[in-house]
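Engineer: Structure provided below as structure tokens; questions to follow.
Every number here is computed from the coordinates shown, using simple stated rules; none is lab data. What you see is a predicted model; the values in this text were computed from it and never measured. Note: ideal-geometry Cβ built from the backbone for every residue, glycine included; neighbour counts use all protein chains shown.
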Amino acid sequence: MNFLFILGGYKWVVIKLETKNLYLDALEFASVGKNIVSFMKFILDTINNDRK
């Protein structure tokens, strides 16, 4: 994922230990449930929180 972000000119995303379970849940839902919305929101929230 970070490789694709870098190729696109974006900063890479660091998943903090305290949000690891949320990340894994969102990733599993995207993979198994075929719905990327929760994963996308998690990544965007992570990016936006890093800017603060």
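Engineer: Quick one: angle between helix 37-51 and the longest Cα principal axis of the chain, in degrees between 0 and 90, rounded to 10, please.
Structural biologist: Approximately 30 degrees, to the nearest 10.
Engineer: Between residue 32 and residue 4, what length in nm is gained on full extension when 0.36 nm per residue of separation is reduced by their alpha carbon distance? Display every interim value, and only then the final one.
Structural biologist: Numbers: separation 28, 0.36 × 28 = 10.08 nm, distance 2.13 nm.
Answer, rounded to one decimal: 7.9 nm.
Engineer: What do you get for trypsin sites (Lys or Arg not before Pro) in segment 15-49 restricted to DSSP loop and a cutoff of at most 16 other Cβ within 10 Å of the site's Cβ? Please list the in-between numbers first.
Structural biologist: Numbers: sites: 16, 20, 34, 41; in loops: 16, 34.
Passing sites in segment 15-49 are 16, 34.
Engineer: May I ask you to list the chymotrypsin sites (Phe, Trp or Tyr not before Pro) in the chain that are in a DSSP loop and have at most 12 other Cβ atoms within 10 Å of their Cβ?
Structural biologist: Details: sites: 3, 5, 10, 12, 23, 29, 39, 42; in loops: 10, 12.
When the chymotrypsin sites (Phe, Trp or Tyr not before Pro) of the chain are filtered for loop state and at most 12 Cβ neighbours within 10 Å, 10, 12 remain.
Engineer: Would you work out the relative contact order for the chain, in percent, from Cα pairs under 8 angstrom that are 6 or more residues apart? Don't skip to the answer; put the middle values down first.
Structural biologist: On the way: 30 pairs, mean separation 13.8, N = 52.
It rounds to 27 percent for the chain.
Engineer: Can I ask one more? Name the shape class, rounded, prolate or oblate, that the alpha-carbon gyration tensor gives for the chain, where a ≥ b ≥ c are the square roots of its eigenvalues, rounded holds for a/c under 1.5, and otherwise prolate holds if a/b is larger than b/c and oblate otherwise.
Structural biologist: Working: a/c = 1.98, a/b = 1.31, b/c = 1.51.
Oblate.
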